[in-house]
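The values are calculated or read from the model by the stated rules, or taken from the named source; none is laboratory data. Every value quoted in this text rests on a predicted model; they were computed, and no experiment measured them. So basically every Cβ, Gly included, is an ideal-geometry build from the backbone, and we count neighbours across all protein chains shown.
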Amino acid sequence: MSDAKPIRKAFSWIWLAIGLLYFFIPLLATFLFSLRGKKGALSFVAYGHVFADPQFLKTFGFSLGMAACTVVAGLALIVPTAIWVYLKLPKAKPVIELLTLMPFVIPPIILAFGLIRTYSRPPFAWISSPAILVAGYVVISFPYIYKAVDAGLRSMDLRGLTEAAQSLGAGWPTLLFKVILPNLRTALLSALFLTFAIVVGELTLAVLLAWPAFGPYMALMGRNLAYEPAALAILSFGLTWGAIALMQALGEKH
Amino acid sequence: MAFLELRNVVKSFGRNEVVRGLSLSVEKGEFVSFLGGSGCGKTTTLRMIAGFEAPTEGSIFVEGAELSRVPPNRRRLGMVFQNYALFPNMTARRNIAFGLRVEGKKGPEVERRVDEMLELIGLGEFGERYPHQLSGGQQQRVALARALAPGPRALLLDEPLSALDAKIRVRLRDDIRAIQRELGITTIYVTHDQEEALSISDRVAVMRDGLIEQIGAPFEIYDRPATPYVAGFIGTLNLLQATALDPEEGSLLVEGQVVRVGRRLEARPGEARSLRLRPEALSLGGPGSNRLAAKLVNVKLHGAIVRLVARVGGQEVLVDCFNDRSLELPGIGADLSLTFAPESCAVERP
Ligand SMILES: Nc1ncnc2c1ncn2[C@@H]1O[C@H](COP(=O)(O)OP(=O)(O)OP(=O)(O)O)[C@@H](O)[C@H]1O
Ligand SMILES: [Mg+2]
């Protein structure tokens, strides 16, 4: 038995290394490729071109905004629902779990056509409203938000804390904002992280609903240019992480 | 009307009737324990008083007002839970201040009250610690202070000590009782530990199958159990098989030896009965007109008490003696003469 341990430990390190390589090699390759914009030398020329294109900041900003709206709408919808299910309807949990699988089973293209069909003529002619795009994004990110919130709720004694707060006179708002949400912080941050990562790069919904989002912009660049898309990928990666780090820092201070 | 009153309270979960028409009156400032085995409905009853469960039938009154339409956060009843349920994101101070803040109190008023509470529970220096930086006993003290801080009308505790180890349990229960006396707060205390219930309560309600089997002062419950169940549940009990000898004069036969209980028996001569005797009611040649010849089988030292295991014919009998200097124990296997008073034994149908 005692011999097996170091071997198993070594194996786990090897697997971790393989995992990290699998993740970072494409990133590194993309990064190196993005530096070859000028013949014979490594340079940041491609990055210059990216920033020089006003479309870049415009689409990226738009997508970040949509991601923020998605997070707000998604959390506002899912957090109270999950809490309610935990406290009052534990029997409904399997149903919700099943629902969280839907976005995986139904591809976004079907969602997009569904939205277009339903909302492009009266009485619901709202297809040109960004709210419809956000609604679609909420559907797509629903499983990720729900899983994160679910894990957070599971890791605390929700019923005990709820009853303790109620016996001290707290109503639902106090309970939610002073007790439950502060204890869900990590879960909410990971929901936010995942939602940003999904929404900023999202292509199908944005294209079909015709929004100037970052996903379609990247796809367009990829078709026409060589080095700039690589630079763009690296940049969007860095910016998304940067945005998340910023929000986390803000959350910490609070 | 009493300060807190339950009238024919019934609670069913689906078809399962868990509390079955329970009535109870608690006076202001009284300390009442619910004592009973697992699943007898103690927690459910307490949660109905707190408002976390709605009674299926019956009503609950506090200070004369019926509570069924009052949500838990408007009942002003403090609650202490078995697993503390402190808010993990708040320090001890902020936990204690929570109820005060909810009431809209601010600044120095809150701080003063929190200091007072920390003093009361003897944790003056621990105010800035988070729950995970406190021991279980300290956490439960904070939970007690948190429940008391807003000045609730009554305090409800659900097995508050059962997650703690023995020494701390005894210390904290005495502290809870002392604090309760100091504040004069009406208290309901759920426990399955009879020693706990008997040692800190004004009255003990022994529960069984969703009903109160007997309620009374600890001495009353222990010395005059109203039913065989209570007698068997509280303390240790010898049950001796006997047959009625002369019901008119109140005599029975136990293993061929005559025992007199000093009162008329409801039995025909020769009918089987059980004789109920507390181990401490028996002695080796002490006062009491009844005598039973027995053989000593074993001796167990329980600190201040020595428990003798004896045999009367084929039946085992426990005898408790004080462990004092004058106690001279015969050797194992020796003959004993156990004495007891007629009024110390109860007779019941087997
Ligand atoms: N929410 C519920 N749904 C269904 N049955 C329940 C529920 N809560 C309690 N019960 C049942 O009611 C009965 C009484 O439970 P309760 O918790 O009141 O017992 P208790 O006296 O507190 O026991 P313990 O000493 O084990 O805590 C048990 O049989 C339990 O299974
Ligand atoms: Mg219980």
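Would a scan of the range A:169-178 turn up a residue that is assigned to a helix (DSSP H, G or I), closer than 23 Å to A:M247 by Cβ and within 11 Å of chain B (Cβ to nearest Cβ)?
Yes, the range A:169-178 contains a residue that is assigned to a helix (DSSP H, G or I), closer than 23 Å to A:M247 by Cβ and within 11 Å of chain B (Cβ to nearest Cβ).
Name, by its number, the condition in (1) part of a helix (DSSP H, G or I); (2) modelled with pLDDT of 90 or more; (3) exposed (fewer than 14 other Cβ atoms within 10 Å of the Cβ); (4) not hydrophobic (A, V, I, L, M, F, W, C) that does not hold for B:G232.
Condition (2) is where B:G232 drops out.
Determine whether A:R121 is under 30 Å from A:Y86 (Cα atoms) and over 22 Å from the mean Cα position of the chain (by Cα).
No; evaluated as a whole, the condition is false for this residue.
Among the residues that make up the range A:64-72, is at least one of them of a type in the set (A, V, I, L, M) and within 16 Å of A:G152 (Cα to Cα)?
For the range A:64-72, residues of a type in the set (A, V, I, L, M) and within 16 Å of A:G152 (Cα to Cα): absent.
Considering only residues that are β-branched (V, I, T) and within 14 Å of chain A (Cβ to nearest Cβ), look in the range B:88-128 and name the one that is farthest from the chain's Cα centre (by Cα).
Here the answer is B:V110.
Say whether the condition of being more than 25 Å from B:V261 (Cβ to Cβ), at pLDDT 90 or above and either buried (at least 17 other Cβ atoms within 10 Å of the Cβ) or β-branched (V, I, T) (or both) is met by at least one residue in the range B:309-323.
no
Since A:S128 meets every condition but one in (1) outside any loop (DSSP other than H, G, I, E, B); (2) more than 9 Å from every other protein chain (Cβ to nearest Cβ), which condition does it not meet?
That leaves (1) as the condition not met.
Looking at the range B:37-74, which of its residues are in contact with a Pro (Cβ under 9 Å, 6 or more places away or on another chain), in a loop (DSSP other than H, G, I, E, B), away from ligand 1 (no atom under 12 Å from the Cβ) and within 8 Å of chain A (Cβ to nearest Cβ)?
Result: B:G51, single match.
Determine which single condition A:R159 fails, assuming it passes every other condition in (1) within 14 Å of chain B (Cβ to nearest Cβ); (2) free of Cβ contacts under 8 Å to residues at least 24 places away in the same chain; (3) out of contact with any strand residue (DSSP E or B) (no Cβ under 6 Å at 6 or more places or on another chain).
It is condition (2) that A:R159 fails.
May I ask you to verify whether B:R224 is surrounded by fewer than 19 Cβ atoms within 10 Å (Cβ to Cβ), in contact (Cβ under 8 Å) with a residue 60 or more places away in the chain, touching a strand residue (DSSP E or B) at 6+ places or on another chain (Cβ under 9 Å) and not aliphatic (A, V, I, L, M)?
So B:R224 fails the test.
If a residue must be of a type in the set (A, V, I, L, M), surrounded by fewer than 13 Cβ atoms within 10 Å (Cβ to Cβ) and in a strand (DSSP E or B), how many such residues does the range B:273-308 contain?
Number of matching residues: 1.
Residues to consider are B:G270, B:G262; find the one that is without any contact (Cβ under 8 Å) to a residue 40 or more places away in the chain and either touching a Gly at 6+ places or on another chain (Cβ under 7 Å) or not in a strand (DSSP E or B) (or both).
Going through B:G270, B:G262 in turn, the sole match is B:G270.
Can you tell me which residue is nearest to B:L46 (Cα to Cα) among those in the range B:199-213 that are within 16 Å of ligand 1 (Cβ to nearest atom) and touching a helix residue (DSSP H, G or I) at 6+ places or on another chain (Cβ under 7 Å)?
B:M207
Only one of (1) more than 28 Å from B:L100 (Cβ to Cβ); (2) within 14 Å of chain B (Cβ to nearest Cβ) fails for A:F196. Which number is that?
Condition (2) is where A:F196 drops out.
State yes or no: is B:A85 assigned to a helix (DSSP H, G or I), crowded, with 16+ Cβ neighbours inside 10 Å, touching a residue at least 40 places away in the same chain (Cβ under 8 Å) and within 14 Å of chain A (Cβ to nearest Cβ)?
Here the answer is no, as B:A85 does not meet what is asked.
I'd like to check which helices (runs of 4 or more DSSP H) are fully inside the range A:195-254 and have at least 2 residues that are of a type outside the set (A, V, I, L, M).
The helices (runs of 4 or more DSSP H) meeting that bar are A:214-224, A:227-253.
Working carefully through the options B:A154, B:A197, B:A143, find the one that is buried (at least 20 other Cβ atoms within 10 Å of the Cβ), of a type in the set (G, A, S) and over 20 Å from the mean Cα position of the chain (by Cα).
It is B:A143.
So which helices (runs of 4 or more DSSP H) are wholly in the range B:103-206 and hold at least 1 residues that are touching a residue at least 60 places away in the same chain (Cβ under 8 Å) and in contact with a strand residue (DSSP E or B) (Cβ under 6 Å, 6 or more places away or on another chain)?
B:136-148, B:166-183, B:194-200
All but one of (1) within 13 Å of ligand 2 (Cβ to nearest atom); (2) in contact with a Leu (Cβ under 7 Å, 6 or more places away or on another chain); (3) more than 29 Å from B:D174 (Cα to Cα); (4) among the aliphatic types (A, V, I, L, M) hold for B:V9; which doesn't?
(1)
Out of the residues in the range B:22-39 meeting the condition of being crowded, with 23+ Cβ neighbours inside 10 Å and near ligand 2 (Cβ under 10 Å from one of its atoms), tell me which one is nearest to B:R203 (Cα to Cα).
Among those that are crowded, with 23+ Cβ neighbours inside 10 Å and near ligand 2 (Cβ under 10 Å from one of its atoms), it is B:F34.
Can you name the residue in the range B:3-30 that is part of a loop (DSSP other than H, G, I, E, B) and without any contact (Cβ under 8 Å) to a residue 40 or more places away in the chain and, of all such residues, is farthest from ligand 1 (Cβ to nearest atom)?
Step by step, filter the range B:3-30, then rank; the result is B:R15.
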